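Take a look at the structure below.
Values in this text are rule-based calculations from the coordinates and carry no lab data. Values in this document were obtained by computation on a predicted structure and should not be read as measured data. When we count neighbours, we look across all protein chains shown, and the Cβ atoms used for this are built from the backbone with ideal geometry, even at glycine.
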Amino acid sequence: MAATAFDQQHLQAGDGHTLYVAQYGKPDGPAAVVLHGGPGSGTQPSVLEWFDLSKQRVVLFDQRGAGLSQPQGEILHNDSHKLVADIELLRASLGITQWMVVGGSWGATLALLYAGQHTQHVQSLVLRGSFLASAREMQWFFQSLSALVPQGWQRLTQGWSHHEKNHVLDKLCAMLLHGEAQEASDAAGRWSDYENEIMRVMAGSAALDTDQSSKASARTLGKYRLQAHYLSHQCFTSERTLLRMAHKLRAVPCAIIHGTHDLVCPPENAWRLRRFMPHASMHWVSKGSHTPADAGIAKALTDAIRDLTDATKN
């Protein structure tokens, strides 16, 4: 049975942006906020399964331009610094003194940035499939993965020149941010299909036997336009900054969760983080992939959230 929100609202964040916010669980319970991936993916109610809603208060929200937040897909006044400020605005507006911060993939990036700047308000931290916003990861995802998902990469780059195939992210960003409407839609469809193919490979499913990219919906177009905006600006941060933030969090209880078969965010990211957060509990999920829909990843998240909630009770 799907959980019912006890509060839904659109929070005015300034700069013409409003954030969709929903709260679930026990209103006076220990609070947690979940930071979704992307950038631009939007929150998913399925994340509520990680929590005990009879005891916990869980805050979900869509980041600027994502999901049900408005304007959808807007890149103006949209960067990592604004997103961190939005999280703090949300905490203050809800009257929460401290909360658990849970983030996966891009959400883990944002969790580190927020926790490093607002440590006094972070009771504990859960980082899943962490993304460190590095050129190394961009090269891996858009170029090197062609060896593991050759059919998906071929569809992604079909019809492109040799130079364009050697600079996939640059090509996609140019199409999404500076191309005509049809070109932007084509890029979003290609990018979406490529990500879906990677997810199928990680799940052990058969590759799609097609040369056609799907047509992008308005929401899909908005999502990948936001991703192009962020990735073309190195996510307005750096791996060095993120690791510096991690180093500042040695007094904050933390769990790092990563699948050993994560093809999206390489497992070495977890090792890099652990060097700067030696106090963090490390949860390696054997054969685990990137998606929290992976049963092993979901169990690790549920266990880590329960253990940290129990450990930080006053």
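So for the pair Q182, H163, with labels modelled 7 Å out along Cα→Cβ, what separation do we get in nm?
For the pair Q182/H163, the computed spacing is 2.4 nm.
Have a look at F141, S161, A187 and report the one farthest towards the positive end of the charge dipole of the stretch 135-234, computed about the Cα centre with Cβ charges (Lys/Arg +1, Asp/Glu -1).
F141
So for the chain: antiparallel DSSP bridges make up what percent, rounded to the nearest 5? Don't skip to the answer; put the middle values down first.
Details: 13 of 36 bridges.
Roughly 35 percent of the beta bridges in the chain run antiparallel, per DSSP.
Using Cβ contacts closer than 10 Å as the measure, can you line up H81, H258, H10, H283 from fewest to most?
Fewest-to-most ranking of H81, H258, H10, H283: H81, H10, H283, H258.
Based on Cβ point charges of +1 for Lys and Arg and -1 for Asp and Glu, what charge dipole magnitude is obtained for the stretch 1-118 about its Cα centre, in debye rounded to the nearest 20? Show your work: numbers first, answer last.
On the way: 6 positive and 10 negative charges, 38 e Å.
Dipole of the stretch 1-118, to the nearest 20 debye: 180 debye.
Please give every one of the lysines within straight-line cross-link reach of K55, meaning a C-alpha to C-alpha distance under 16 Å, and leave out same-chain neighbours fewer than 8 residues apart.
Straight-distance partners of K55: K26, K313.
Per residue of the stretch 49-58, what does 6.51 cos²θ - 1.76 cosθ + 1.60 with θ = phi - 60° give for ³J(HN,Hα)? Whole Hz please, x for Gly and Pro, Karplus curve as stated.
Taking θ as phi minus 60°, the curve returns 5, 7, 10, 9, 6, 6, 10, 10, 9, 10 Hz for the stretch 49-58.
Might you report the magnitude of the Cβ-based charge dipole of the chain about its Cα centre, with Lys and Arg at +1 and Asp and Glu at -1, to the nearest 20 debye?
Numbers: 28 positive and 28 negative charges, 166 e Å.
With only Lys, Arg, Asp and Glu charged at Cβ, the dipole is about 800 debye.
Please give, to one decimal in nm, the separation of the simple spin-label points placed at M138 and R200, each 7 Å out from Cα toward the Cβ.
If labels sit at M138 and R200, their model points lie 2.8 nm apart.
Using the Cα centre of the stretch 126-248 as the reference point, and only Cβ charges (+1 on K/R, -1 on D/E), how large is the resulting charge dipole? Debye, rounded to the nearest 20.
Values: 14 positive and 12 negative charges, 120 e Å.
Around 580 debye, computed over the stretch 126-248.
At a Cα cut-off below 19 Å, give the aspartates and glutamates reachable from K248, other chains included and same-chain residues fewer than 8 away excluded.
E88, E239
For a quick protection proxy, order the peptides 169-180, 110-121 by their average other-Cβ count within 10 Å, most packed first. Show your work: numbers first, answer last.
Details: 169-180: 17.8, 110-121: 20.8.
Top to bottom by mean Cβ count within 10 Å: 110-121, 169-180.
Pull up the cross-link candidates among the lysines for K171, meaning alpha carbon to alpha carbon under 23 Å and not fewer than 8 places away within one chain.
K215, K223
Over the stretch 157-314, what is the mean sequence separation of C-alpha contacts under 8 Å (at least six apart), divided by residue count, expressed as relative contact order in percent? Intermediate values should be presented prior to the final figure.
On the way: 161 pairs, mean separation 28.9, N = 158.
In percent, rounded to a whole number, it is 18.
Identify which of the listed values of semi-axes √(5λ) of the Cα gyration tensor in Å was calculated from the structure shown: (1) 31, 22, 18; (2) 37, 22, 17; (3) 44, 36, 18.
(1)
In percent, what relative contact order does the chain have, based on Cα pairs under 8 Å that are 6 or more apart in sequence? Write out the running numbers ahead of the final one.
Details: 585 pairs, mean separation 56.7, N = 314.
Contact order relative to length: 18 percent.
For Cα pairs less than 8 Å apart in space and 6+ apart in sequence, what is the mean separation divided by the residue count of the stretch 135-234, i.e. the relative contact order in percent?
Details: 92 pairs, mean separation 31.2, N = 100.
Over the stretch 135-234, the number comes to 31 percent.
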